[in-house]
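Quick notes on the structure that follows.
The values are calculated or read from the model by the stated rules, or taken from the named source; none is laboratory data. As the structure is a computational prediction, the values presented were derived from the model and not from experiment. No Cβ is skipped: glycine too gets one built from the backbone with ideal geometry, and neighbour counts run over all protein chains shown.
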């Protein structure tokens, strides 16, 4: 299968403007995501999809592949769908599946992509697969910046919410707390079908594009990862991630491109 990595990124973030170009250990965050995706052997190619000239120029400057998309997209999945078609046209290749890696996942490790693609060995193959990770603190569970998920007994995701789900109000036992990671695999047709539909009520309410799939009857397979990661939603998150990545072994494999910080 031809599985392409596509990293959607834009500068106009409400919570953290210009986030993709914010530096972590001297490297713009989008650079960390790109370099780390390139280490994933499951991906045939890695592209960045953006509507911003600054991001486009930066990725070109580091020798990366990048495609310009419309500035009107509200959802990363819509941007990824447009990018997929443009990449196919530019490369002359048919993409079987796209792995969307959000541009604010600088702690991605290659093993996570390996885990994400495992369900493709099943029959029938799922149309959409989303990595999830256990929530280990009440602070994360209650944060509106963390998208929580609940899953069924077959590991399909039932719902995404920025509210704490499931409820802890009447249950005194151990509550399964899971969060969505911005690392999602789409079979080609599923992503194209998604892009042809209009935003759905629960998608809008939660501001989570994956709810559109659920509302349209598309099952989303969850894959739990033990790899520890942390997405960047705010400037405070950026400082936290920089501290976590300060002695990161993967960073040492590409830090030679930049010498603003000595981390290895």
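Do we have residue 211 as free of Cβ contacts under 8 Å to residues at least 60 places away in the same chain and under 22 Å from residue 97 (Cβ atoms) here? So residue 211 fits the description; yes. Please verify whether residue 104 is part of a loop (DSSP other than H, G, I, E, B), at pLDDT below 95 and closer than 23 Å to residue 67 by Cβ, treating the condition exactly as stated. Yes. One residue alone among 111, 163, 139 is farther than 15 Å from residue 208 by Cβ and either more than 18 Å from the chain's Cα centre (by Cα) or crowded, with 20+ Cβ neighbours inside 10 Å (or both), and that residue is 139.
Right, residue 70: out of contact with any strand residue (DSSP E or B) (no Cβ under 9 Å at 6 or more places or on another chain), free of Cβ contacts under 8 Å to residues at least 40 places away in the same chain and closer than 21 Å to residue 196 by Cβ or not? Yes, satisfied.
Against the test of being over 18 Å from the mean Cα position of the chain (by Cα) and within 23 Å of residue 10 (Cα to Cα), the options 76, 83, 97, 70 yield a single qualifying residue, 70.
Filtering 183, 214, 204 for residues that are under 20 Å from the mean Cα position of the chain (by Cα) and under 16 Å from residue 144 (Cα atoms) leaves a single hit, 204. Residues that are out of contact with any strand residue (DSSP E or B) (no Cβ under 8 Å at 6 or more places or on another chain) and within 24 Å of residue 113 (Cβ to Cβ) were ranked within segment 166-206; the one that is surrounded by the most Cβ atoms within 10 Å (Cβ to Cβ) is 195.
Checked against (1) over 17 Å from residue 225 (Cα atoms); (2) touching a helix residue (DSSP H, G or I) at 6+ places or on another chain (Cβ under 8 Å); (3) in contact (Cβ under 8 Å) with a residue 60 or more places away in the chain, residue 164 passes all but condition (3).
When segment 126-158 is limited to residues that are in contact with a helix residue (DSSP H, G or I) (Cβ under 7 Å, 6 or more places away or on another chain) and either at pLDDT below 95 or part of a loop (DSSP other than H, G, I, E, B) (or both), the one that is nearest to residue 182 (Cα to Cα) turns out to be 146.
Scanning segment 30-40 for residues that are surrounded by fewer than 23 Cβ atoms within 10 Å (Cβ to Cβ) and in contact with a helix residue (DSSP H, G or I) (Cβ under 7 Å, 6 or more places away or on another chain) gives 35, 39, 40.
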